[in-house]
1. What is the sum of charges around residue 71, taking Lys and Arg as +1, Asp and Glu as -1, for the other residues whose C-beta is under 9 Å from the C-beta of residue 71?
2. Magnitude of the Cβ-charge dipole of segment 36-129, K/R +1 and D/E -1, about the Cα centre, nearest 20 debye?
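Every number here is computed from the coordinates shown, using simple stated rules; none is lab data. Only a predicted model underlies this, so the values are computations on that prediction, with no experimental measurement involved. Cβ: placed from backbone, ideal geometry, glycine included. Neighbour counts: every protein chain shown.
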Amino acid sequence: MTIRLSVLGGAILMASLSLPSVGRAQTISYADAMTVLAKDCGADIKKHCRGLNLGNNEIRSCLEQNQAKVSPSCTSTLSSVTASIQLRLEAQASVFKVCAGRAKQLCKGIVGEEHIIQCLIKTERIDGEKCNDAITNAGWR
């Protein structure tokens, strides 16, 4: 069951929905998402989605198709976790665009995205609100 829920999380993480721009948003770590989904959706997955392939969003699709039968707690959790993880993915994809100006100013001569992120994290109070929010929402702080 744990492996199935882990793959469910992977499928949810890879879902591609349109997202609002990065701002002050609440994102959730992947580990926390798995814990919440296991707690709130484990019984529903076992009951309604048994035997489905965990990849390709099959479990998520199953839960959505069986929404009338799935517990309200699971439906709510699936929706909020999916939205939160997608905000995190969007933040990760956009952090370098959002922080480009600050990186040029504060991290001159530093090469490589990972090293630039570390530089920006060290200068967190100087980075500016938008850059700070993007780094935090990406889960890197």
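1. That sum, taken over residues with Cβ under 9 Å, equals -1.
2. 100 debye
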